[in-house]
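Report on one structure; see the data block that follows.
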Amino acid sequence: MLKYLIIFEKTETGISAYVPDLPGCIATGKTKAIVEKNILEAIRFHLDGMIEEKIKFPLNQTDAETYVFAV
C-alpha cells in the first residue's frame, strides 16, 4: 500500500492541492470536496503513468503536523 501526503492551500479563487513526493502532481478547484476528488484522480493518473513508463514509485518522504499556538 502506498501513502502520500497531500497539501491543501487556499487561493484567491479556490483551493489547490499538491503531493510533495510526486512532483508535478497537482489539482485545483472551487471547493475542498472538488479538489479532493481532483487530487485523488491526479495521483491515480500519475501512478498509472509511472507504471506505464516502468518507473519505481517514490517512497513517502514527507510528513506533516499542525500545531496550535495561543497568542
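Here the condition is being more than 13 Å from the chain's Cα centre (by Cα) and touching a residue at least 40 places away in the same chain (Cβ under 8 Å); of F69, F57, it holds for F57 alone. Consider P20 carefully, then state whether it is modelled with pLDDT under 95 and touching a Phe, Trp or Tyr at 6+ places or on another chain (Cβ under 9 Å). No: the conditions fail for P20.
The values are calculated or read from the model by the stated rules, or taken from the named source; none is laboratory data. For clarity, every value in this text was computed on a predicted model and none was experimentally measured. Here Cβ is always computed from backbone atoms with ideal geometry, including for glycine, and neighbour counts include all displayed protein chains.
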